[in-house]
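Since the structure comes first, as structure tokens, the remarks are kept for the end.
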Amino acid sequence: MAKLIYFDVVGDNRGNLISLEGLKNIPFEIKRVYYIYGVSDKEPRGFHAHKELKQVAFCISGSCEMLLDDGERRESVLLNNPNIGVFIGSMTWREMHNFSKDCVLVVLASEYYNEDDYIRDYDIYKKMVER
Ligand code: TYD
């Protein structure tokens, strides 16, 4: 269910470089980038879905677990590599757990921030995805 995206790494003896481009290695136009850091490992985040928004998430430092739920199945992906992102489509419930202290989680988003796009209640989400 979780769709991983492997970014090409341009590496040489000076180190590594990764380039992310909208509609190329990222499957949408990137309108917003945000990052989460300075997190507590005891405080999970997320616990919502988006009606329209699509995102790609990856850790450029440290690690966290991204739990994805499509209403039928749940899957947890360990994000611990700057060259592996996970695609999070619309109407996907997500939770982030087990942040390492050094975690920097970067999220690329297809739309500007819009609180109206959030579904923050799991029971409402389940009803909306029921066929
Ligand atoms: P939220 O999306 O709930 O964070 P998480 O899913 O990581 O737990 O957002 C936390 C707060 O930050 C909330 O008050 C909304 C605000 N926020 C913005 O102002 N802009 C943004 O792009 C995002 C993602 C959140």
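A 1.4 Å probe, protein heavy atoms only, puts the accessible area of Lys24 near 150 Å².
For the chain, what is the mean residue ellipticity at 222 nm derived from helices alone (per DSSP H run of n ≥ 4: -39500 (n - 2.57); sum divided by total residues; nearest 500 deg cm²/dmol)?
-1500 deg cm²/dmol
Per residue, the chain exposes an accessible area of 60 Å² to a 1.4 Å probe, with every protein chain left in place. Would you mind counting up the charge near Gly62? Only other residues with Cβ under 13 Å from its Cβ, with Lys and Arg at +1 and Asp and Glu at -1. After counting each charged neighbour, the total is -2. In this structure Met128 has an accessible area near 100 Å², from a 1.4 Å probe over the protein heavy atoms. Using a simple spin-label model with pseudo-atoms 7 Å out from Cα toward Cβ, Glu111 and Phe47 lie 2.3 nm apart.
Which of rounded, prolate, oblate describes region 76-123, given a ≥ b ≥ c as roots of the alpha-carbon gyration tensor eigenvalues and a/c under 1.5 marking rounded, otherwise prolate only if a/b is larger than b/c? Note, shape of region 76-123 comes out prolate. List residues of region 1-40, by number, whose backbone nitrogen lies under 20 Å from a label position 7 Å along Cα→C-beta of Ser61. Zone members listed by number: 15-20, 33-40.
In the chain, the convex hull through the Cα atoms has an average projected area of 8.4 nm², a quarter of its surface area.
The values are calculated or read from the model by the stated rules, or taken from the named source; none is laboratory data. Everything numeric here is computed off the predicted structure, so don't read it as measured data. Positions of Cβ are generated from backbone atoms using ideal geometry, with glycine treated the same way; all protein chains shown enter the neighbour counts. For the accessible areas, the whole protein counts, side chains as well, though only heavy atoms, and no ligand, DNA or RNA atoms are used. Shrake-Rupley method; radii C 1.70, N 1.55, O 1.52, S 1.80 Å.
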